[in-house]
1. In the chain, which whole DSSP H runs stretch at least 15 Å along their own axis (Cα) and average 0.5 or higher on the Kyte-Doolittle scale?
2. Once Cα Rg over 2.2 N^0.38 Å is worked out from the coordinates, which option in [x] 1.91; [y] 1.28; [z] 1.10 does it equal?
3. Using the Cα centre as the reference, give the magnitude of the dipole from point charges on the C-beta atoms of the chain (Lys, Arg: +1; Asp, Glu: -1; all else neutral), rounded to the nearest 20 debye.
Amino acid sequence: MGRRKILKVQERQEIFNIPADEDSLIRHYSLSAADRLEIELRRRGHNKLA
C-alpha cells in the first residue's frame, strides 16, 4: 500500500521550510515582550543558571 500525501508540495513547503527573510526570522526566533514577561513571572531560584 502506497503512502498517502495529505499536503500538497506548496503547502508542505510553507509549513516546514525555514524562513529566509530577516523579518520572518526575527518574528519566529525571538521572544516578544509578552514572552519575556511570562518568563520573568515564572522564574525562580531553582531554574536560574547563575
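Nothing in this text is a laboratory measurement; each read-out follows from the coordinates by a stated rule. On a predicted model such as this, the values are computed, not experimentally measured, just so you know. Glycine also receives a Cβ, built like all others from the backbone with ideal geometry; neighbour counts cover every protein chain displayed.
1. none
2. Among [x] 1.91; [y] 1.28; [z] 1.10, the one derived from this structure is [x].
3. 460 debye
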